[in-house]
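**Student:** There's a structure below that I have some questions on.
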Amino acid sequence: MTTLLAVPNVSEGRDQAALDAIGAAFEVGGARVLDVHADSDHHRAVLTLAGAPGRLAPAVLEGAREAVARIDVSTHAGAHPRVGAVDVAPIVHLDRGSRGAACAEALVLGDLLGRELNLPVLLYGALAGGRTRAELRRGGPEGLGDRLRAGELRVDFGPAERHPTAGVALVAARPPLVAFNLELAPPATVTDAERIAARIREGGPDGLTGVRALGLELTDRGVAQVSTNVEDPRATPLAAVVEAVRVHAPVSAAELVGLAPAAAFEEFPDDVPIPGFDPSRHLIERALGDG
């Protein structure tokens, strides 16, 4: 049986009761919750769900319903860019054979979010001709709302204007990517993190293929962080990201957000700790019982 993943990112990383309710709603809807990663500095949670085609989109809808009821993105303050309460909700295909099923499931999800929750939904990635999340997040919720009103962008599902408290949802179908963050050793600052992120992201002077990067300040932890999305972890393993950052500043720790394919960790350096990392839970193959 084909298994798909969904990786909804919700704009809540501090209220545990809200996160528990959202996670429970995904499960009641019929998904298997593999992981919940919440961060108070980012004020964001990334949930990894598994389910069968035809069942996963309705399950994501139920968790999204709970998120919309509990999150007001107009008052949100966190380090991570966002445009909505259910900020992104990609459907993930684990092999080429399930790509079509993932694309169909993502389109069903977009339609459900628009019709059932009155959320404007914009597609990104392959379903939108390669349009990126960063492009859509430019200017935050207000900036995106202004572009919708001006006709510069059109929604793919749902109402034409952003929801007053839940903003906009971004939906895609994609292969696995890895959300991977590196904390810089003091006295590195957020300015250093921003400079390094600009160098290592694809298109930068030291650009890594398929790497998106931001420099952030984590005030709760008192550190600067280079936050990355590695879109093709087989082409650019995490060890390469570590080494690219280390050229510019010492790295004190790494963080995996959600799950990753085992191949991403090939030749990962032994001297970079990843607090909380458990291969049995955080490698996709093992979490699904395939390896």
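The values are calculated or read from the model by the stated rules, or taken from the named source; none is laboratory data. Since we're looking at a predicted model, the values are computed, not measured. Reconstructed Cβ throughout: ideal geometry from the backbone, glycine too, with neighbour counts over all protein chains shown. Note: areas computed on protein heavy atoms with side chains; ligands, DNA, RNA excluded. Shrake-Rupley method; radii C 1.70, N 1.55, O 1.52, S 1.80 Å.
Table: residues versus (1) within 23 Å of ALA67 (Cα to Cα); (2) small (Gly, Ala, Ser).
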| position | (1), (2) |
| --- | --- |
| GLY110 | yes, yes |
| PRO120 | yes, no |
| GLY130 | no, yes |
| ARG154 | no, no |
| GLY158 | yes, yes |
| HIS163 | yes, no |
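**Student:** From the list GLU217, GLU243, GLU194, which one is among the charged types (D, E, K, R), at pLDDT 95 or above and under 21 Å from ALA79 (Cβ atoms)?
**Tutor:** Just a single option satisfies the conditions, and that option is GLU194.
**Student:** Shifting gears a bit: What pairs come out if I take residues in region 250-275 that are open to solvent by 40 Å² or more (accessible area, probe 1.4 Å) and pair them with residues that are in a loop (DSSP other than H, G, I, E, B) and β-branched (Val, Ile, Thr) whose C-beta lies under 9 Å away, six or more apart or interchain?
**Tutor:** SER252/VAL272
**Student:** Something else about it: Just to verify a result, which residue in region 1-57, among those that are assigned to a helix (DSSP H, G or I) and β-branched (Val, Ile, Thr), is modelled with the highest pLDDT?
**Tutor:** ILE22
**Student:** Considering only residues that are over 25 Å from GLY210 (Cβ atoms) and of a type outside the set (Gly, Ala, Ser), look in region 138-151 and name the one that is most open to solvent (accessible area, probe 1.4 Å).
**Tutor:** Looking at residues that are over 25 Å from GLY210 (Cβ atoms) and of a type outside the set (Gly, Ala, Ser), I get ARG149.
**Student:** Another question, then. Output the residue which, of all residues in region 52-71 that are over 15 Å from ALA102 (Cβ atoms) and of a type in the set (A, V, I, L, M, F, W, C), is most open to solvent (accessible area, probe 1.4 Å).
**Tutor:** Step by step, filter region 52-71, then rank; the result is ALA69.
**Student:** So if I check each of ASP206, ASP278, which one is open to solvent by 40 Å² or more (accessible area, probe 1.4 Å) and more than 26 Å from VAL36 (Cβ to Cβ)?
**Tutor:** Being open to solvent by 40 Å² or more (accessible area, probe 1.4 Å) and more than 26 Å from VAL36 (Cβ to Cβ) holds for just one of ASP206, ASP278, which is ASP206.
**Student:** Shifting gears a bit: Scan region 154-166 and give yes if some residue there is modelled with pLDDT of 95 or more, open to solvent by less than 20 Å² (accessible area, probe 1.4 Å) and touching a Leu at 6+ places or on another chain (Cβ under 9 Å), otherwise no.
**Tutor:** Yes, region 154-166 contains at least one residue that is modelled with pLDDT of 95 or more, open to solvent by less than 20 Å² (accessible area, probe 1.4 Å) and touching a Leu at 6+ places or on another chain (Cβ under 9 Å).
**Student:** Please verify whether GLU135 is open to solvent by 10 Å² or more (accessible area, probe 1.4 Å) and more than 25 Å from GLY210 (Cα to Cα), treating the condition exactly as stated.
**Tutor:** no
**Student:** Out of the residues in region 86-132 meeting the condition of being touching a strand residue (DSSP E or B) at 6+ places or on another chain (Cβ under 6 Å) and assigned to a loop (DSSP other than H, G, I, E, B), tell me which one is nearest to VAL211 (Cα to Cα).
**Tutor:** Among them, the one singled out is TYR124.
**Student:** Taking the condition of being surrounded by fewer than 19 Cβ atoms within 10 Å (Cβ to Cβ) and in a loop (DSSP other than H, G, I, E, B), how many residues in region 238-249 meet it?
**Tutor:** Count: 2.
**Student:** In addition: Scan region 27-40 and tell me whether some residue there is open to solvent by less than 20 Å² (accessible area, probe 1.4 Å) and either basic (Lys, Arg) or farther than 22 Å from PHE157 by Cβ (or both).
**Tutor:** yes
**Student:** Which of the residues belonging to region 92-114 are of a type outside the set (Gly, Ala, Ser) and under 15 Å from LEU170 (Cα atoms)?
**Tutor:** VAL92, CYS103, GLU105, LEU107, VAL108, LEU109, ASP111, LEU112, LEU113
**Student:** Name, by its number, the condition in (1) part of a loop (DSSP other than H, G, I, E, B); (2) closer than 15 Å to LEU182 by Cα; (3) free of Cβ contacts under 8 Å to residues at least 40 places away in the same chain that does not hold for ALA197.
**Tutor:** Of the numbered conditions (1) part of a loop (DSSP other than H, G, I, E, B); (2) closer than 15 Å to LEU182 by Cα; (3) free of Cβ contacts under 8 Å to residues at least 40 places away in the same chain, the odd one out for ALA197 is (1).
**Student:** Can you report the number of residues in region 72-90 which are buried (at least 24 other Cβ atoms within 10 Å of the Cβ) and either touching a Cys at 6+ places or on another chain (Cβ under 8 Å) or of a type in the set (Gly, Ala, Ser) (or both)?
**Tutor:** 3
**Student:** Return a yes/no flag: does region 8-18 have any residue that is crowded, with 19+ Cβ neighbours inside 10 Å and β-branched (Val, Ile, Thr).
**Tutor:** For region 8-18, residues crowded, with 19+ Cβ neighbours inside 10 Å and β-branched (Val, Ile, Thr): present.
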